[in-house]
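One structure is given here, and the rest of the page talks about it.
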Amino acid sequence: MKELLQVSASPHIRAKYYDINQAMRLVIIALIPTLIFSTYLFGIRALIIVLISIITSVVCEAVTQRMLGKEITIADGSAVLTGLLLAFNLPPGVPFWLPIIGSAFAIIFAKQLFGGLGYNFINPALAGRAFLMASWPSAMTKEWLAPINGTLSGIDGITSATPLNLLKNPSNYGDPNIIIKQLNDFTTIKSLFIGKVGGCIGETSALLLLIGGVFLIIIGIVDYRIVIGYLGSFILLALILPTKGSLLFHLFSGGLFLGAFFMATDWVTSPITKKGRWIFGIGCGILTMLIRVWGGYPEGVSYSILLMNVFTPLIDRLTKERIFGEIKKERKK
Amino acid sequence: MAKGFSGGVHPPEEKHTEKTSIEAMPLPKRVYIPFSQHTGKPARPLVEKGAEVKVGTKIGEADGFISSPVHSSISGKVVDIKRHPHPVVGESLCCIIESDNQDEWEQGVKVKQNYESLTREELLQIIKDAGIVGLGGAAFPTYVKLSPPKEKKIDTLIINGCECEPMLTADHRLILEYPMGIIEGARIFQRILDAPRLIFAVEDNKLDAAQILKKEGVEVVILKTKYPQGAEKQLIKAVLNREVPRGGLPMDVGCVVQNVGTAYAAFQAAKYRKPLIDRVVTVTGDGVKEPKNLLVRIGTRAIDVINHCGGYTNPPKKIIFGGPMMGIAQFSEEVPVIKGTSGIIVWTSSPTFQEGPCVRCASCIDVCPMGLMPTEIYKFVQNRNFQEAEKFGALDCIECGCCAFSCPAKIPLVHYIKFGKAEIRRLKQK
């Protein structure tokens, strides 16, 4: 025999379904319907912002890795995904330099300086968004665009405000009682579900995000525990807490589905234990609703996920898996 | 009534030889019989260079409680006793016997015996003398498993016919072709253990095997096809819903598990006084011209077995002894088949996997049948923090490979954990 036999540790086969690159690509694919819809809804401007954000992300990743003397891994798709998600979290009317700064911050500071893929402790896209919110609050909260063909029924002239803005400060836009009533109206809920409303680039269509998210759960990339924990606790609080919006209004408005399916479930920044993932999801749901009802911002998805990201190491520490054959209380001896 | 355990994976089964009948391989010209084929101390050599041996002649004596005797598998002459490649430990002392082509059996062997009237102690002694070890792969001496301490009452004996490893079909064929022998062997175990209940466990991808056993009137439990269903602790959990405590043995929950092949070997030992000198091996993979289920004499080299199966299709890249999930990749085609060899897999290609960074996806945690956190243990091992690795249950790992199988970053988790286990044990001995 001329050629030597190859030796390696078992197992000698690997699951075919996905590796990291494929997983990233599948998440991006799941978001593409939303991207197409947003381009239709807000015009070509939305697509340009997304592209700027993605290109900046990839370039920053390559440059930082080069400077740190690491292998350049832009092909794994994680930088593309970060850029995409960041853009999805921006209002469609923002100036074009804003996504550049946001992406650069996300990749350089939130990701690469902490060690790159697998080592960042908070979701880079959300960190980028939080950075922009803190630095240019007016650009981040005022640059809403009116969706094409989409208005909240009967609330003329204020179509560019996001539904959650209307809910938070109805008196700014007219008679609060009428506005609240219209917000909870069935036609409004329908618009919200389909996505013909104002909002961030990628958050408006609950329907498309739901389809993409369920697809990712089915193929096993997204963990159902986080999603169910998140939405479950959110729904419960929406029913209990004193809020002017109905349950369906809360469920379909804002970035809830984008956050619950695509941001909270980020592998790196969510807990690894099964119990931990439940706690993480439930925590996100509670914080989101608390911010919506009593917080200063109309929307609480991104901050609640960021907060829970910070708790992730603690949750992992406190919720170790139960080892097979472990006796519950050894103290009895 | 399919039952299960938590975790596990579904690797492609690829059991291409399940319809191929067991075929006895012609005698090899030479056999290389290692003195160490079992868990425990190697056997003490009894023969010297030049000695004449027959089939079944004891050539190595059990050395200590956890050990097992070794027998000649062909008749002929001992040409050498020296170190030779070994499928599990790399290299070990082997008895090399050249065949005289007579296939002459040791006196008293192959003569039908009436074993029904024997006492438990006598049966146990026969199994011990026949050198029978667990044929599922771990090769733990069977008589040790059959002699639990008095205070451990065994209420259930489970005969393991799961064969959850992909590609292997040796146990499956054995059940289909020799069900009576297996059942008789199981009853011998049952008598020795004085266990009231006897259960045969089969996965639901072998319903024909389950059917045959059922027809003979024994209790059969059909389990979901899921890897590693045949792992002892997972099997007990699935069949009886009992959990073997950490660091404990099946007998701590009143159970003993034996492989179907072991039961058949025990039957042959009791009925014909035949020591363990052959076993069924599945020879498969894209590198073998004619995949087969072969009855192979212990000590036959891999290359002889492969040549009997028509030889290689293309130059081999990887030869595995065992299944693709837990088997051991061999560095030489000279390694002999030993008592624990359930399969020989030959591949003409073997992808190498680029190890990426852990992205904390937690699939290893979701699939671990032992409830461990492989990614955490791997990180501790990488940082040489063996104390923490042990706290996270490194020693509970059964090395089934589910974690590494499903890791999207292709991290060889089992490799790291095995290393960690070895280091933990080494540090403890100090």
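The values are calculated or read from the model by the stated rules, or taken from the named source; none is laboratory data. If you're wondering where the values come from, they're calculated on a predicted model, not measured in any experiment. Don't worry about glycine lacking a Cβ; one is built from the backbone with ideal geometry, like all the others, and counts go over all protein chains shown.
Check A:Ile211, A:Ile189, A:Ile178, A:Ile226 and return the single one that is crowded, with 22+ Cβ neighbours inside 10 Å, of a type in the set (A, V, I, L, M, F, W, C) and not in a loop (DSSP other than H, G, I, E, B).
A:Ile226 is the lone residue from the list that is crowded, with 22+ Cβ neighbours inside 10 Å, of a type in the set (A, V, I, L, M, F, W, C) and not in a loop (DSSP other than H, G, I, E, B).
So is B:Val260 of a type outside the set (Phe, Trp, Tyr) and closer than 19 Å to B:Leu193 by Cα or not?
Here the answer is yes, as B:Val260 does meet what is asked.
Please specify each residue of the range A:22-53 satisfying the condition of being within 9 Å of chain B (Cβ to nearest Cβ) and in contact (Cβ under 8 Å) with a residue 40 or more places away in the chain.
Across the range A:22-53, the qualifying residue is only A:Ala23.
Could you list, in sequence order, all residues of the range B:140-162 that are farther than 24 Å from B:Val220 by Cβ and buried (at least 22 other Cβ atoms within 10 Å of the Cβ)?
B:Pro141, B:Tyr143
State which residue is farthest from B:Gly181 (Cα to Cα) when the search covers only the range B:249-259 and only residues that are within 20 Å of the chain's Cα centre (by Cα) and within 14 Å of another protein chain (Cβ to nearest Cβ).
Once the filter is applied, the top-ranked residue is B:Leu249.
Are any residues in the range A:22-39 surrounded by fewer than 18 Cβ atoms within 10 Å (Cβ to Cβ) and either touching a Pro at 6+ places or on another chain (Cβ under 9 Å) or among the acidic types (Asp, Glu) (or both), and if so, which ones?
Hit for the range A:22-39 is A:Gln22, nothing else.
How do the pairs read when you match residues in the range A:249-277 that are over 23 Å from A:Ile28 (Cβ atoms) and more than 10 Å from every other protein chain (Cβ to nearest Cβ) with residues anywhere that are of a type outside the set (Phe, Trp, Tyr) and in a loop (DSSP other than H, G, I, E, B), using Cβ under 6 Å and keeping only pairs 6 or more apart or on different chains?
From residues that are over 23 Å from A:Ile28 (Cβ atoms) and more than 10 Å from every other protein chain (Cβ to nearest Cβ), the pairs are A:Phe249/A:Asn184; A:Lys275/A:Thr319.
Sort out which residues of the range A:280-299 are closer than 16 Å to A:Ile228 by Cα and either away from chain B (no Cβ under 14 Å) or surrounded by fewer than 23 Cβ atoms within 10 Å (Cβ to Cβ) (or both), and write them in order of number.
Matches in the range A:280-299: A:Ile282, A:Gly283, A:Cys284, A:Gly285, A:Ile286, A:Leu287, A:Thr288, A:Met289.
Please enumerate the residues belonging to the range B:303-328 that are under 14 Å from the mean Cα position of the chain (by Cα) and either more than 7 Å from every other protein chain (Cβ to nearest Cβ) or surrounded by fewer than 24 Cβ atoms within 10 Å (Cβ to Cβ) (or both).
Selection gives B:Phe321, B:Gly322, B:Gly323, B:Met326, B:Ile328.
Is there any pair with a first residue in the range B:13-33 that is of a type in the set (Lys, Arg) and a second that is not in a strand (DSSP E or B) whose Cβ atoms are under 6 Å apart and which are 6 or more apart or on different chains, and what are they?
From the range B:13-33, the pairs are B:Lys15/B:Thr169.
Scan B:Gly343, B:Gly299 and give me the residue that is crowded, with 17+ Cβ neighbours inside 10 Å, small (Gly, Ala, Ser), within 23 Å of the chain's Cα centre (by Cα) and more than 27 Å from B:Ala404 (Cα to Cα).
From the options B:Gly343, B:Gly299, the qualifying one is B:Gly299.
Within the range A:243-333, which helices (runs of 4 or more DSSP H) (wholly inside it) include 1 or more residues that are more than 24 Å from A:Gly198 (Cα to Cα) and touching a Pro at 6+ places or on another chain (Cβ under 8 Å)?
A:274-294, A:301-318
Regarding A:Leu113, is this residue more than 19 Å from the chain's Cα centre (by Cα) and either in a helix (DSSP H, G or I) or at pLDDT below 95 (or both)?
The answer is yes for A:Leu113.
More than 18 Å from the chain's Cα centre (by Cα) and closer than 26 Å to B:Pro11 by Cβ: which single residue out of B:Ile222, B:Ile183 fits that description?
Exactly one residue qualifies, and that residue is B:Ile222.
Inspect the range B:26-38 for any residue being away from chain A (no Cβ under 14 Å), surrounded by fewer than 19 Cβ atoms within 10 Å (Cβ to Cβ), in contact with a strand residue (DSSP E or B) (Cβ under 9 Å, 6 or more places away or on another chain) and under 29 Å from B:Val144 (Cα atoms) and give the result as yes or no.
no
Only one of these conditions is not met by A:Ser302: (1) away from chain B (no Cβ under 14 Å); (2) surrounded by fewer than 22 Cβ atoms within 10 Å (Cβ to Cβ); (3) in contact (Cβ under 8 Å) with a residue 12 or more places away in the chain. Which number is it?
Condition (2) is where A:Ser302 drops out.
Could you list, in sequence order, all residues of the range B:349-367 that are out of contact with any helix residue (DSSP H, G or I) (no Cβ under 6 Å at 6 or more places or on another chain), facing chain A (nearest Cβ under 10 Å) and over 18 Å from A:Arg317 (Cα atoms)?
B:Ser349, B:Ser350, B:Pro351, B:Thr352, B:Phe353, B:Gln354, B:Pro357
Going through B:Leu395, B:Leu372 one at a time, which residue ends up being facing chain A (nearest Cβ under 9 Å) and either over 23 Å from the mean Cα position of the chain (by Cα) or among the aliphatic types (A, V, I, L, M) (or both)?
Answer to the selection: B:Leu372.
So which residues in the range B:398-417 are more than 7 Å from chain A (Cβ to nearest Cβ) and in a helix (DSSP H, G or I), if there are any at all?
Within the range B:398-417, B:Cys402, B:Cys403, B:Leu413, B:Tyr416, B:Ile417 qualify.
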